[in-house]
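K.L.:
Input: one structure, supplied below.
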Amino acid sequence: MWRSLFYRVDVRRFSRNAQFYFAFSILYSSGMSLFSLLYNLYLLRLGYREDFIGLLAGMTPLTSGLFAIPIGMGSDRWGRKPFMAAASLLLAFSQVGLCLITHSTPLLILGLLSGISPAMVYVNHVPYLSENSRPEDRGTVISLAFSTYIITAMVMSLVGGNLPRWIGGWMGVGLDRPEPFRYALMFGSAITALSILPALRMREARPSREALPKEAVPSSPVPVPWGILLIFAATSALRGLGMGLSFPFFNVFFEESIHASTRQIGLLFFCARFVSMPSAVVSPGITRRFGPVPALFSLRMISGLSLAVLGATDHLLLALGIFLIYSIAESMATPQEMIFATNQVSRAYWGRGQSLRVTGFQLSAAVGSVMAGRMIVSVGYGLTFGLAAVAVFGSAILLLSKFGWHYRE
């Protein structure tokens, strides 16, 4: 069993393009993870509350959603590499601005600008890895890429939870001040900028029609499967709504409602990523064993239920346990839904299909973040996370209604 697991996760047996993507993902995700953990806590110390935090959090997915479709069409035409390289520089630039500027209007503009970068990565990473892996390895490569992100986020959660304390001690400044958080975030933006190096080493993988088996070359253009594409866009939109209503506020929730310290929040996120990593690696086996629809439906229902319960608790250890269950369910379901959606359409529409999914997810996440900021201030976290759970339930039910419980690819 262990030998088989280690063989599946051995990146040396994958293409060099896939290996360069893993290096890019580690650096790019490191900067994003540090910002995800610390930036809202930094905003609290600048005097902002959840209503503005939600508004700013909605800016990034808003532009991600608006730019996803043109990015997907452009990458199908010009390739994935230019967008990966541009994503590194654009995100690093916007992160530096978010650290140095404190007025609300420029922050919102920078939030809008920063959303273009993740759209370039979210739209292109699944098609790029699919194009640079053998069909029998495709599920493993995508799950491993997701696991790489989890490991990176896990390490950065542990480091990031302590980084403001280390910087504050060196500066002689308390953690109630924004400066330790600002310099910790600047460190994250420097790591993001380094991701340009492996991005420039990537190569496009565009096999010619002659290189394909005869039966793989279509005799006529494959029609756009709009029905399938729109179903996955809708399920992604519901998941995005649930994510927008919850994810940007997890760190604020643990500080404001659970009264956890910055160090404890970092440890909480570390533990969540620690249990998520093996879950993502073994998830392809669960999908093969039970089928994609039963696996995805069950995991999404667990995820939604965990969100609903999390918003109603105020005990640190109980919140940790629920947060771990939520993280495991999400880490198992997310890469498998990517693989399932990719396998439903021909290669010619991988970029378009992923861009529609990203558009649905990100635009709904933007709406959810703005809604959540206002709801938390007025009615608290319980109802807000409960509404997020309803959205996640809806995505699971929609998937089941389209494909049925016994669907097999």
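The values are calculated or read from the model by the stated rules, or taken from the named source; none is laboratory data. All of these numbers come straight from a predicted model, not from anything done at the bench. Every residue, glycine as well, gets a Cβ built from its backbone with ideal geometry; the counts of neighbours run over all protein chains shown. We work out accessible area using only protein heavy atoms, side chains counted, and drop any ligands, DNA or RNA first. Shrake-Rupley method; radii C 1.70, N 1.55, O 1.52, S 1.80 Å.
K.L.:
Under the rule of at least 5 residues apart or a separate chain, name every residue whose amide H is placed under 5 Å from the amide H of residue 133.
P.N.:
Amide H to amide H, under 5 Å and 5 or more residues apart or across chains, residue 133 pairs with nothing.
K.L.:
Would you mind pulling out the separation of the Cα centroids of segment 337-409 and segment 85-130, in Å?
P.N.:
Distance between centres, Cα-based: 21 Å.
K.L.:
Kirkwood hydrodynamic radius of segment 103-178 from all distinct Cα pairs, in Å?
P.N.:
When all Cα pairs of segment 103-178 are included, the Kirkwood radius is 16.0 Å.
K.L.:
Highest mean first, what order results for 147-154, 320-327 on Cβ atoms within 10 Å?
P.N.:
Listed from highest to lowest mean packing, they are 147-154, 320-327.
K.L.:
Can you list the HN-Hα couplings for segment 162-177, worked out from phi with the Karplus curve (6.51, -1.76, 1.60; θ = phi - 60°), rounded to whole Hz and with x for Gly and Pro?
P.N.:
9, 4, x, 5, 5, 5, x, x, 5, 8, x, 10, x, 6, 7, 9
K.L.:
Here is a further query. Select from segment 23-68 those chymotrypsin sites (Phe, Trp or Tyr not before Pro) which occupy a DSSP coil region and have at most 11 other Cβ atoms within 10 Å, ordered by residue number. Mind dumping the intermediate values first?
P.N.:
On the way: sites: 24, 28, 35, 39, 42, 48, 52, 67; in loops: 48.
When the chymotrypsin sites (Phe, Trp or Tyr not before Pro) of segment 23-68 are filtered for loop state and at most 11 Cβ neighbours within 10 Å, nothing remains.
K.L.:
Taking only protein heavy atoms and a 1.4 Å probe, what accessible area per residue, in Å², does segment 65-168 have with all protein chains in place?
P.N.:
36 Å²
K.L.:
Of all the C-alpha pairs in segment 61-127, what % are more than 19 Å from each other?
P.N.:
Beyond 19 Å sits 33 percent of the P(r) for segment 61-127.
K.L.:
For the chain, taking Cα atoms only, what is the radius of gyration to one decimal and the Dmax to the nearest whole Å?
P.N.:
Cα-based Rg and Dmax for the chain come out at 20.5, 71 Å.
K.L.:
Sort the following peptides by mean Cβ neighbour count (other Cβ atoms within 10 Å, averaged over residues), highest first: 282-292, 175-185.
P.N.:
175-185, 282-292
K.L.:
Beta carbons within 10 angstrom, averaged per residue: use that to sort the peptides 140-146, 102-108, highest first.
P.N.:
140-146, 102-108
K.L.:
Springs between alpha-carbon pairs under 10 angstrom, Gaussian network model over the chain: which of 248, 70, 127 fluctuates most?
P.N.:
Checking each option, the largest mean-square fluctuation is seen for 70.
K.L.:
For segment 136-183, what is Rg from Cα atoms divided by 2.2 N^0.38 Å, rounded to two decimals? Don't skip to the answer; put the middle values down first.
P.N.:
Details: Rg = 16.8 Å, N = 48, 2.2 N^0.38 = 9.6 Å.
The value comes to 1.76.
K.L.:
Mind checking the dipole of segment 228-302: about its Cα centre, +1 per Lys or Arg Cβ, -1 per Asp or Glu Cβ, Debye to the nearest 20?
P.N.:
My answer is approximately 340 debye.
K.L.:
What angle, in degrees between 0 and 90 and rounded to the nearest 10, separates the Cα long axis of helix 104-114 from the longest principal axis of the Cα atoms of the chain?
P.N.:
Once rounded, the angle reads 20 degrees.
K.L.:
Still on this structure: Mind grabbing the base-10 log of I(q)/I(0) for segment 259-399 at q = 0.13, 0.20 Å⁻¹? Debye formula, identical points on the C-alpha positions, no solvent, two decimal places.
P.N.:
-0.66, -1.35
K.L.:
State the three equivalent ellipsoid semi-axes of segment 367-409, derived from the C-alpha gyration tensor as the square roots of 5 times its eigenvalues, in descending order and whole Å.
P.N.:
31, 9, 5
K.L.:
Kirkwood hydrodynamic radius, segment 248-324, all distinct C-alpha pairs: what's the number in Å?
P.N.:
On the way: mean 1/r = 0.0727 Å⁻¹.
Computed over Cα pairs of segment 248-324, the Kirkwood hydrodynamic radius comes out at 13.8 Å.
K.L.:
While we're on this one: Comparing 19, 336, 95, which has the greatest mean-square fluctuation in the GNM of the chain with Cα pairs linked when under 10 Å apart?
P.N.:
19
K.L.:
Restricting things to alpha carbons, find the Rg to Rh ratio for segment 17-143 using the Kirkwood radius for Rh. Mind dumping the intermediate values first?
P.N.:
Working: Rg = 16.1 Å, Rh = 15.6 Å.
A ratio of 1.03.
K.L.:
Normalise the Debye intensity by I(0) for segment 294-348, one equal point scatterer per Cα, no solvent, then take log10 at q = 0.16, 0.25 Å⁻¹ and round to two decimals.
P.N.:
Values returned for q = 0.16, 0.25 Å⁻¹ are -0.53, -0.90.
K.L.:
Turning to a different aspect of this structure: Write down the radius of gyration of segment 164-207 and its Dmax, each obtained from C-alpha positions, in Å.
P.N.:
When restricted to Cα atoms, segment 164-207 yields Rg and Dmax of 17.3, 58 Å.
K.L.:
If you don't mind, there's one more thing I want to ask. Could you run the Karplus curve 6.51 cos²θ - 1.76 cosθ + 1.60 with θ = phi - 60° over segment 244-257 and give me ³J(HN,Hα) per residue in whole Hz, x for Gly and Pro?
P.N.:
x, 6, 10, 4, x, 10, 4, 5, 5, 4, 5, 7, 7, 9
K.L.:
Determine ³J(HN,Hα), in whole Hz, for all residues of segment 33-47 in sequence, where each value follows from phi through the Karplus function 6.51 cos²θ - 1.76 cosθ + 1.60 and θ = phi - 60°; x replaces Gly and Pro.
P.N.:
Those phi angles translate into 5, 5, 5, 4, 6, 9, 5, 5, 5, 5, 5, 4, 6, 7, x Hz.
K.L.:
Quick one: with all protein chains in place, what share of the accessible area of the chain is carbon or sulfur, to the nearest percent (1.4 Å probe)?
P.N.:
Heavy-atom surface of the chain belonging to carbon and sulfur, 1.4 Å probe: 68 percent.
K.L.:
Using a simple charge model, +1 on the beta-carbon of Lys and Arg, -1 on the beta-carbon of Asp and Glu, nothing else, what dipole does the chain show about its Cα centre, in debye to the nearest 20? Don't skip to the answer; put the middle values down first.
P.N.:
Numbers: 32 positive and 18 negative charges, 218 e Å.
Dipole magnitude for the chain comes out near 1040 debye.
K.L.:
Now a separate question. Hey, what angle do you get for helix 116-131 against the long axis of the chain, alpha-carbon based, 0 to 90 degrees rounded to 10?
P.N.:
On a 0 to 90 degree scale, this one is about 30.
K.L.:
Same structure, new question: Round to the nearest 10 and give me the degree value, 0 to 90, for the angle of helix 179-194's Cα axis relative to the longest principal axis of the chain.
P.N.:
Once rounded, one gets 20 degrees.
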